[in-house]
Amino acid sequence: MFHIALCDDDARQMQLTHRLLNNYLSLRGVAAKIWEFSNGQSLLNAMYDETFDLYLLDIVMPEMDGIDLGMALRKSDENGVIIYLTTSPDFALQGYQAKAASYLLKPVREDELFRALDDALKVISDRREQSVIVKTTDGMSRLLLDHILYVEQTERVPHYHLKDGSCVVSVTIQTSFLDIMQPLLADKRFYLCGASFVLNLHCIKSINKADVLFVGGQQTTVPRRAAAELNAAWIHYWLEGGKRL
């Protein structure tokens, strides 16, 4: 399922965009949840609790325009795809400074929006397909990186804790935990904490001393001596814009 944020101060235009988006999702058979925001600050506030894949943003809005909103989004989300919808062509260059994927003029033509959405969802889907192969007692399991919250080694057995609350238990490893974790650590979302933890920084909601709370409510406790470095790495990750690769 894709998470999509619409932001427009014009309620009528919001309704029109939402209808076009629903038409697209129905035609393509794509599952998505859509949030509506009438101003940029409400969208930024929602990002404390939600992660969005795609943003459809108006540009000409009071208080915080879409360009400023896009730049603010990039401080905490480097990977979400931004599509700008606007009545004015004057902001096109500034729009691409926020790394927007598309810039469409209102009234938006259905075919233009559908092409932009096709491109956007392909980018998101390709990213989601990144995975690792884990050997278990039942065979080989392919785990999507987006689904992994953290990995903990207990008695030389890595345990992969997933977003859905399940845990995939690997076989006993004969090499070091660091060696086994290299495919994960190649992705900047993942951080080695101490000698026996790898955590997905992108999914951490808060760190309180040695207790880690993930988006979705799952928790774990890391070694206290390594917690300060984890906290620093988490802050640095988001200051860098939440870059995944």
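The values are calculated or read from the model by the stated rules, or taken from the named source; none is laboratory data. Because the structure is a prediction, the values reported are computed rather than measured. Neighbour counts run over all protein chains shown; Cβ positions are idealised from the backbone, glycine included. Just so you know, the surface numbers come from the protein's heavy atoms only, side chains and all, with ligands and any DNA or RNA stripped out. Shrake-Rupley method; radii C 1.70, N 1.55, O 1.52, S 1.80 Å.
Within the range 90-118, being part of a helix (DSSP H, G or I), exposed (fewer than 15 other Cβ atoms within 10 Å of the Cβ), touching a strand residue (DSSP E or B) at 6+ places or on another chain (Cβ under 7 Å) and modelled with pLDDT of 80 or more holds for one residue alone: GLU112.
Of all residues in the range 140-165, those satisfying the criterion of being in contact with a helix residue (DSSP H, G or I) (Cβ under 9 Å, 6 or more places away or on another chain) and part of a loop (DSSP other than H, G, I, E, B) are ARG156, LYS163, ASP164.
The single condition among (1) modelled with pLDDT under 90; (2) in contact with a strand residue (DSSP E or B) (Cβ under 9 Å, 6 or more places away or on another chain) that ARG189 does not meet is (1). Only residues that are open to solvent by 30 Å² or more (accessible area, probe 1.4 Å) and either assigned to a helix (DSSP H, G or I) or within 26 Å of ALA72 (Cβ to Cβ) (or both) were counted across the range 20-31, and they come to 6.
Of the residues ALA195, ALA228, ALA232, the single one that is part of a loop (DSSP other than H, G, I, E, B) and either touching a residue at least 40 places away in the same chain (Cβ under 8 Å) or surrounded by fewer than 18 Cβ atoms within 10 Å (Cβ to Cβ) (or both) is ALA195.
If only residues of the range 120-135 that are within 28 Å of TYR103 (Cβ to Cβ) and touching a Phe, Trp or Tyr at 6+ places or on another chain (Cβ under 7 Å) are counted, the one that is modelled with the highest pLDDT is LEU121. Of the residues THR17, THR87, THR51, which is touching a residue at least 12 places away in the same chain (Cβ under 8 Å), crowded, with 19+ Cβ neighbours inside 10 Å and hydroxyl-bearing (Ser, Thr, Tyr)? Exactly one residue qualifies, and that residue is THR17. For the range 59-83, a tally of residues being under 19 Å from the mean Cα position of the chain (by Cα) and either among the acidic types (Asp, Glu) or assigned to a strand (DSSP E or B) (or both) returns 5. Please verify whether LEU56 is free of Cβ contacts under 8 Å to residues at least 24 places away in the same chain, surrounded by 15 or more Cβ atoms within 10 Å (Cβ to Cβ) and either of a type in the set (Phe, Trp, Tyr) or under 29 Å from GLY216 (Cα atoms) (or both), treating the condition exactly as stated. For LEU56, the condition - free of Cβ contacts under 8 Å to residues at least 24 places away in the same chain, surrounded by 15 or more Cβ atoms within 10 Å (Cβ to Cβ) and either of a type in the set (Phe, Trp, Tyr) or under 29 Å from GLY216 (Cα atoms) (or both) - is not met.
Regarding LEU162, is this residue modelled with pLDDT of 95 or more, under 22 Å from ALA31 (Cβ atoms) and in contact with a strand residue (DSSP E or B) (Cβ under 9 Å, 6 or more places away or on another chain)? Yes.
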